[in-house]
1. So what is the diffusion coefficient of the chain in µm² per second by Stokes-Einstein at 10 °C and 1.306 mPa s, using a Kirkwood Rh over Cα pairs?
2. Within the chain, which whole H helices from DSSP have a Cα span along their axis of at least 15 Å and a mean Kyte-Doolittle hydropathy of 1.0 or more, if any?
3. Could you grab the relative contact order for the chain? Cα pairs under 8 Å, six or more apart, rounded to a whole percent.
4. Fewest to most neighbouring Cβ within 10 Å: what's the order for Lys111, Lys43?
5. Cα centroids of the stretch 25-64 and the stretch 80-111: how far apart, whole angstrom?
6. So if each residue of separation counts as 0.36 nm, and I subtract the Cα-Cα distance between Ser17 and Ala68, what length gain in nm does that give?
7. Please find, in a Gaussian network model of the chain (springs between Cα atoms separated by less than 10 Å), the residue of Ala91, Ala49, Ala19 whose mean-square fluctuation is greatest.
8. How far apart, in nm, are the 7 Å Cα→Cβ label points at Leu10 and Leu103?
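Values in this text are rule-based calculations from the coordinates and carry no lab data. Quantities reported herein were computed from a predicted structural model and do not represent experimental measurements. All Cβ positions, even for glycine, are placed from backbone atoms using ideal geometry, and neighbour counts span all protein chains on display.
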Amino acid sequence: MLTFIWIVTLIGLTLWSLAAWGLHTLLAIDPKWVDDVDALIQKVPYAEAIDRWFPGWRELLGVAMDLAQLALSWVGNNAPLVAWIVWGIGALALLGTGVVLTLIVCLLRDKPSHALGAPAP
């Protein structure tokens, strides 16, 4: 049982490391792609109908895109730090879970009631 717990923990740690690598790759993407979204905002179908229900939505969406670009720029500049922190928290959680499950298994195991070398009753 202990072997199974630690094999699953190591597989989880491997998958978590791959996820952290992917997160770093995504965060390091140039935030200039948000500029392309502004052109798409102008081509939204039924824009006039949306304007009747929510006037000023294009400007609000433009401001949201500017804030998203600013946030992505900051996160992109700090991508290694963010990825390491997220990976560290997840790795500690996985290893902690493995330790707790190991302790539970060890505590719930049947203990032999007789001493070594003594005949069993």
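1. Result for D is 82 µm²/s.
2. 2-27, 79-108
3. Result for the chain is 45 percent.
4. Lys111, Lys43
5. When both Cα centres are located, 42 Å separates them.
6. Length gained, Ser17 through Ala68: 15.7 nm.
7. Comparing Ala91, Ala49, Ala19 in the GNM, the peak value goes to Ala49.
8. 2.3
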